[in-house]
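Notes for the one structure printed next.
The values are calculated or read from the model by the stated rules, or taken from the named source; none is laboratory data. Please read these numbers as outputs of a predicted model, since none were measured by experiment. Don't worry about glycine lacking a Cβ; one is built from the backbone with ideal geometry, like all the others, and counts go over all protein chains shown.
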Amino acid sequence: MKNIFTLFLVITLISCEDNSTLQSVLESNDVEKIKLKRKEIATSQQDFFNKLQIIDNKLDELNTNPQLPIVEVLKINSVEFDHYIQVQGSVKSDELINIFPEFSGIIKNIYVKSGENVKKGQRLIKIDDGGLKEQLSQLEIGFELTKTTFERQKRLWDQNIGSEIKFLESKTMYESQKQGIKQLKKQIKKTLIEAPFSGTIDNVLAKKGEVVYPGRSNLMMLLNLDNLYIESNVPEKYIASIKSGNKALVHFPLLDKTISTTVRQSGNYINPINRTFKIELKIEKNNLNIKPNLNSKVNINDYSNKEALLINQNFISIDSNNKEYVYKTYNKNNKTYVSKTTIVTGKNDGVNVEVLSGLKPGDKIVSEGIRKLVDNAQVQIIN
């Protein structure tokens, strides 16, 4: 505004010049006269600027309300602070298996279907035994005679009567047939596949009349959805801060659901390839349609402070020595000033950062108008 006013006065001064005198000088074509006239005008203009500066200085001196930097401040208080790290997780189950037969044969019956809940020991599939039961009946008939013979020979031998050879022969025959019956019963038992634990049948692949083979024929999947957990790989730098019992928040993006849980197990082995260790987190109640292998985002609490000093990261500046600082207010002679205060910060949550030193509860720092400030500047607070 001053410059515009000054320019206006200069123009006015020049315009008030005796036009006839100036015109006559210009028309004379006398270089010396023209230079002299220019010098007179320049001298008058400089004199005008000098007087104007004196007036401005005096006005500044007499101004009791100078224009001060306008700022907003924030009072710092102690708050509870929980810091979390985020890793990827996947839902796992201790009870999830693919069921394979242990006996070769033709499937006679399938007792369950996909989605059905079963109890431990419940029948799932029956495989034709190929005549093993008939063989067992024949062996058991012959075994009774062998057993009777052995028992008679043993009584005689215990009384020191009879031949040792006959006793040993009967004993060998008895034990051999007994073991044969035992093995045959094991084989027959393998023809009936039962649920090894309670759970839900999924993806039944077996078909009645199909020939199946041990280790090759995947019959169905059995899983327990009530016994799920989350597995994550955590970078090794957190091995000292992530322990069993740490609280966590798990978000399932596909379900748009979040659960609160805790770390149930923290591994002690660091994978040399990716430099991580495994953790497991509980899933207490599966009422969210959570399935095995579902991906999740796991936020694990690795640090907590019940009396933390938190400030917005935007309030912090960095000086030429790479030190962080804020402007803290103080009062002097009923006026407010700011002090450039170096701070040390700790963990942050992406928005706020914990101040470890340099500030105390009750301090007020500048939150708006920071760029205009210098150390010990007087300011005007508007909030």
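The condition (being aromatic (F, W, Y), assigned to a strand (DSSP E or B) and touching a residue at least 60 places away in the same chain (Cβ under 8 Å)) is satisfied by just one residue among Y303, Y325: Y303. Condition check for V112 on (1) free of Cβ contacts under 8 Å to residues at least 12 places away in the same chain; (2) in a loop (DSSP other than H, G, I, E, B); (3) of a type in the set (A, V, I, L, M): one failure, at (1).
Annotation note: Cβ proximity below 8 Å between a residue of segment 221-244 that is within 14 Å of V87 (Cα to Cα) and a residue that is in a loop (DSSP other than H, G, I, E, B) (sequence gap 6+ or interchain) occurs for I230/I283; N233/N271; N233/N274; V234/I242; P235/R275; E236/I270; E236/R275; I239/I270. Candidates in segment 129-144 are the residues that are under 30 Å from V204 (Cα atoms) and surrounded by fewer than 16 Cβ atoms within 10 Å (Cβ to Cβ); of these, the one that is nearest to the chain's Cα centre (by Cα) is G130. The residues listed here are K147, K108, K92; of these, the one that is surrounded by 14 or more Cβ atoms within 10 Å (Cβ to Cβ) and more than 60 Å from the chain's Cα centre (by Cα) is K147. Within segment 340-369, restricting attention to residues that are surrounded by 14 or more Cβ atoms within 10 Å (Cβ to Cβ) and among the small types (G, A, S), which residue is farthest from L68 (Cα to Cα)? Among those residues, the one meeting the criterion is G346.
Return a yes/no flag: does segment 77-95 have any residue that is assigned to a strand (DSSP E or B) and closer than 16 Å to M220 by Cα. Scanning segment 77-95 turns up no residue that is assigned to a strand (DSSP E or B) and closer than 16 Å to M220 by Cα.
Taking the condition of being touching a Pro at 6+ places or on another chain (Cβ under 8 Å), of a type in the set (S, T, N, Q) and within 14 Å of L205 (Cβ to Cβ), how many residues in segment 96-117 meet it? Counting residues in segment 96-117 that are touching a Pro at 6+ places or on another chain (Cβ under 8 Å), of a type in the set (S, T, N, Q) and within 14 Å of L205 (Cβ to Cβ) gives 0. Can you spot a residue in segment 120-127 that is touching a Gly at 6+ places or on another chain (Cβ under 9 Å), surrounded by fewer than 16 Cβ atoms within 10 Å (Cβ to Cβ), at pLDDT 90 or above and not in a loop (DSSP other than H, G, I, E, B)? No, segment 120-127 contains no residue that is touching a Gly at 6+ places or on another chain (Cβ under 9 Å), surrounded by fewer than 16 Cβ atoms within 10 Å (Cβ to Cβ), at pLDDT 90 or above and not in a loop (DSSP other than H, G, I, E, B). Screening E164, E169 for residues that are surrounded by fewer than 12 Cβ atoms within 10 Å (Cβ to Cβ), over 55 Å from the mean Cα position of the chain (by Cα) and either over 30 Å from V234 (Cα atoms) or in the same structural domain as V355 (by TED's automatic domain parsing) (or both) leaves exactly one candidate, E164. Among strands (runs of 3 or more DSSP E) entirely within segment 337-383, having at least 2 residues that are in contact (Cβ under 8 Å) with a residue 24 or more places away in the chain and within 20 Å of Y84 (Cα to Cα) singles out 344-348, 352-357. For segment 134-149, the count of residues that are in contact (Cβ under 8 Å) with a residue 12 or more places away in the chain and among the acidic types (D, E) is at least one.
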